[in-house]
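Scroll down for the structure; my scribbles are underneath it.
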Number of protein chains: 2
Amino acid sequence: MKHGGKEKLVDITTVAKRAKVSPSTVSRFFNHPDLVRADTRKRIEIACEKLGYIRNRRANTLRGLRSGTVGLIVPTVDNAIFAQLIQAFADQLNSRELTLLIGTHGYDLDLETKLLRSLLEHRVDGIAMIGLEHTDASYAMIRSQEIPAIALWNYAADASISCFGPENSEAGRRVAQHIIDLGHKEIALIFPDLTGNDRAKDRFDGVMEVFAEAGIVIPLSRILSTPYDAGAAKIAAMDLLRQQARPSAVICGNDIIARGVIFAGQALELDIPGELSVVGIGDFAGSAEMEPGLTSVRMPAKRIGKLGAQALIDALEVRGSKKITKRRFELTLVKRRSTGEPNGSVLNSRSAI
Amino acid sequence: MKHGGKEKLVDITTVAKRAKVSPSTVSRFFNHPDLVRADTRKRIEIACEKLGYIRNRRANTLRGLRSGTVGLIVPTVDNAIFAQLIQAFADQLNSRELTLLIGTHGYDLDLETKLLRSLLEHRVDGIAMIGLEHTDASYAMIRSQEIPAIALWNYAADASISCFGPENSEAGRRVAQHIIDLGHKEIALIFPDLTGNDRAKDRFDGVMEVFAEAGIVIPLSRILSTPYDAGAAKIAAMDLLRQQARPSAVICGNDIIARGVIFAGQALELDIPGELSVVGIGDFAGSAEMEPGLTSVRMPAKRIGKLGAQALIDALEVRGSKKITKRRFELTLVKRRSTGEPNGSVLNSRSAI
DNA sequence: AATTAGTTTGCAAACGTTTTCATATTTTAG
DNA sequence: CTAAAATATGAAAACGTTTGCAAACTAATT
């Protein structure tokens, strides 16, 4: 029953025999074609064709060559914003004939460390990770392996590895300022879980910073946490919006949550933005098109993915280069119809004092 | 300037020396720990720790062992439905300590063939691809390499490789029947480009099949094609819906397009579903929560990803097994508020005759 | 035809593991 | 305390490549 597996795969020597050359020549055929004579090339090509030879890239890493693979570790693939980044990253690798090894850890940083180790065991030539918050073990491994590493999606001037991303705290400050400028006083926050997620944490801190400066205090009952999921956010928001003292504005940790809040408002037949303003962060695909359009902070996911990959590739070319590159991406607040002044804001706020 | 790179990485022999054992023992320490004495184990462990040793998985493939990697080729990562599938697939691999090599081709099947070759060069132990439409070269490579392969997201009784997915034509039939049952006569179709996309093709064919049976003819002007993108779909739909003779129902190739159409309807202040019914396919995350909820055909993306990965893993265990496994996943039409009878349908349809 | 220079090829060592087989060590039983 | 059995370790070959070096060609120049 268990036959097969016996006849071994065709290797470079099989090809060599068939083409009546030495294995070295076949190797050269692939790696330095200009060093082999045209008719020999032809013979080798035919032999490969006939035998269905597929080179073994794992074998060549041995002689100290690069593996031609790059690792990427993300919290999850199933997230609009990472998906865009991953796609751009992958495209960039594709254009350089590099293969992508991917790992997902679901915001568990210890699992991230395991994945990192696993990718290093497979001898990726470079590695990219999301964010700058990683275990000490992760950082230690990157340091000791001396391969180029880059953090995507977050920027910090004092980071110890390369990083390409926006300042997430600024995104938080922007949305908070926007809501304050519009005259809102009754404000709620809905964020994803902050553990193992420095991007969300930074955004949250940014929001709170602006509120502190403005002397606005958000009661704990108006700070909610939901999974990354429009459904969960909608349910949480329904709860919030049905209460006696309803907030006039909700600041959301990302656009997916913001969509859920908008749907909740619509389900309760609230006027948006008259009775309810909603702002997200990320400006995901679809946020501009929904009705009403979602006010959000645009984050250049594709550019980060593309330029991040490029920076990593550049670092690969110089063996053992330890250069650290950082790049801070600009953010833009995109105002759309989901935010506006609260109904009768001027009067309300005055009379309330 | 270009120093570094000189001090070579620590290998199994370095560890062996430090632990005062032979390389064989270190190897056994990792692969058959029960064969090495406890105190020796301890010494090796310490040596690894001190030296920061990271095993080289690429080297062991050489002796004919498995690589511990699995390849997955998808059209794009940046697509709600594939993202879910990929995530589930990755999770399943994670639980078996397998590493995921991923490739994306953007619906270019020749590029897919190149990617497939590249993954095979990296000696993945198994391979998964989306759909059953692939180049002859791709099929030939899979056959000749004798590694387990599986097609996800599409089912066909006569497929020559394992496949896990729903019958996409059925999805098309379902939505078409639903729209007919509601009494719609003026119907438009918006689908993504069908080239290199057998899933969309099958859905489209399913729709047309039902219409043919029902004797309904859709004028070409009402068959539109847009990119996978709510924004593009919204624009196309605005165009369509502003015309003199507006369709009362739009059937969309997937939920993203359907969302765009709903947003278009809302922007034009049409009553949904009174003046406009919209149906999608896929039932992506968020479709249930939006207002109005989107009628769609639920496709179990996560289950397909998870069970598909599991089937592949099972096939891996048996070296050289050529068993083909197929599994047809059930579809459910989820009726929500985006579809309904056309306004005054009974009268209209009668008087029109 | 002989020399030289240039081009093309092959030999063999190296890469970091795993594993078979043989040997050394420890444990158990007598 | 010895012999036998069981356990733990090491030596060496193997895996499929790449590449430095040397040998064998070929072409160009006398």
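Of note:
- Remark: label point of A:E121 defined 7 Å out from Cα along the Cα-Cβ vector; separations to the same position in other copies 2.5 nm, ascending.
- Cβ-based net charge around A:H178, under 12 Å, with every Lys or Arg adding one and every Asp or Glu removing one: +2
- Estimated inter-spin distance, B:R63 and B:E317, nm [label 7 Å along Cα→Cβ]: 2.4 nm
- Convex hull projection area averaged over all views, the range B:43-107, Cα basis, nm²: 6.6 nm²
- Relative contact order of the range A:191-235, taken over Cα pairs closer than 8 Å and 6 or more residues apart, is 46 percent.
- Where GluC sites (Glu not before Pro) fall in DSSP loop in the range A:93-176, at most 12 other Cβ within 10 Å: A:E97
- At most 16 other Cβ within 10 Å, DSSP loop - GluC sites (Glu not before Pro), the range A:220-290: A:E269, A:E275
- With both residues required to sit in the range B:204-348, DSSP beta bridges show an antiparallel share near 40%.
- Beta bridge orientation in the protein assembly as shown: antiparallel %, DSSP, nearest 5: 10 percent
- Principal-axis analysis of the Cα atoms of chain B puts helix B:80-94 at an angle of about 20° to the longest axis.
- Average silhouette area of the range A:259-324, convex hull of alpha-carbon atoms, in square nanometres: 5.8 nm²
- Close amide H partners of B:S277, meaning residues 5 or more places away or on another chain with modelled amide H under 5 Å apart, are B:A249, B:V250.
- Calculated diffusion of the protein assembly as shown, Stokes-Einstein form, Kirkwood radius summed over Cα pairs, 4 °C and 1.567 mPa s, µm²/s: 47 µm²/s
- For peptide A:118-124, the mean count of partner chain Cβ atoms within 10 Å of a residue's Cβ comes to 6.
- Cα point-scatterer Debye curve for the range A:60-150, base-10 log of I(q)/I(0) at q = 0.11, 0.17, 0.22 Å⁻¹: -0.29, -0.70, -1.13
- Length gained on full extension, A:E269 to A:E97, computed as 0.36 nm times the residue gap minus the Cα-Cα distance: 56.7 nm.
- Amide hydrogen neighbours beyond the local backbone of B:L72, cut-off 5 Å, H modeled: B:L101, B:I102, B:G103, B:A128
- When exposed loop sites are taken as trypsin sites (Lys or Arg not before Pro) in a DSSP loop with at most 10 other Cβ atoms within 10 Å, the longest stretch of chain B clear of them is B:64-322.
- Estimated FRET transfer efficiency when R0 is 56 angstrom, pair B:L220-A:E49 (beta carbons, to 0.05): 0.80
- If you plug the beta carbon distance of B:A157 and A:A212 into 1/(1 + (r/R0)^6) with R0 = 60 Å, you get a FRET efficiency near 0.40.
- The range A:190-231: proportion of alpha-carbon pairs further apart than 16 angstrom, %: 42 percent
- Estimated [θ] at 222 nm from DSSP helical runs (n ≥ 4, -39500 (n - 2.57)) normalised by residues in chain A, nearest 500: -13500 deg cm²/dmol
- On the basis of the beta-carbon distance and an R0 of 41 Å, A:T332 and A:E121 show a calculated FRET efficiency of 0.50.
- Shortest-first nm distances, A:L270 label point to equivalent points in other copies (7 Å, Cα→Cβ): 2.9
- Placing a label point 7 Å from Cα along the Cα-to-Cβ direction at B:I46 gives distances to the equivalent points in the other copies of 6.4 nm, listed shortest first.
- Here chain B is described by how far its Cα atoms reach on the three principal axes: 95, 44, 40 Å, from widest to narrowest.
- Cα point-scatterer Debye curve for the range A:173-325, base-10 log of I(q)/I(0) at q = 0.09 Å⁻¹: -0.33
- Residues of the range A:35-73 with amide N under 14 Å of the 7 Å Cα→Cβ point at B:T13: A:63-64
- Rg/Rh, computed from the Cα trace of the range A:1-120 with Rh as the Kirkwood radius, has the value 1.12.
- Computed about the Cα centre, the dipole magnitude for the protein assembly as shown is approximately 3800 debye when only Lys and Arg (+1) and Asp and Glu (-1) carry charge, each at its Cβ.
- Taking max minus min of the alpha-carbon positions on each principal axis, the range B:237-353 gives extents of 66, 31, 22 Å, largest first.
- If the convex hull is drawn through the Cα atoms of the range B:186-266, its volume per residue in Å³: 82 Å³
- Descending semi-axes in whole angstrom, ellipsoid equivalent of the range A:135-184, from the Cα gyration tensor: 35, 9, 7
- Contact order normalised by residue count of the range A:1-134, Cα under 8 Å, 6+ apart, percent: 23 percent
- Expressed to the nearest 5 percent, the antiparallel share of DSSP beta bridges inside chain B is 10 percent.
- Against chain B, whose longest principal axis is taken from its Cα atoms, helix B:136-145 shows a tilt of about 30°.
- Between 0 and 90°, nearest 10: helix B:38-51 axis offset from chain B longest Cα axis: 70 degrees
- Set A:K50/B:K322; A:K302/A:K323; B:K234/B:K302; A:K306/B:K50 screened for pairs whose C-alpha atoms are more than 26 Å apart: B:K234/B:K302; A:K306/B:K50
- The range A:99-248 pair-distance distribution - Cα-Cα, 5 Å bins, rounded %: 2, 8, 15, 17, 16, 12, 10, 8, 6, 4, 1, 0
- The separation of the range B:265-304 from the range A:274-342, counted between C-alpha centres, amounts to 27 Å.
Where a number appears in this text, it was derived from the coordinates with a stated rule and is not lab data. This is a predicted model, so every value here is computed, not measured. Note: ideal-geometry Cβ built from the backbone for every residue, glycine included; neighbour counts use all protein chains shown.
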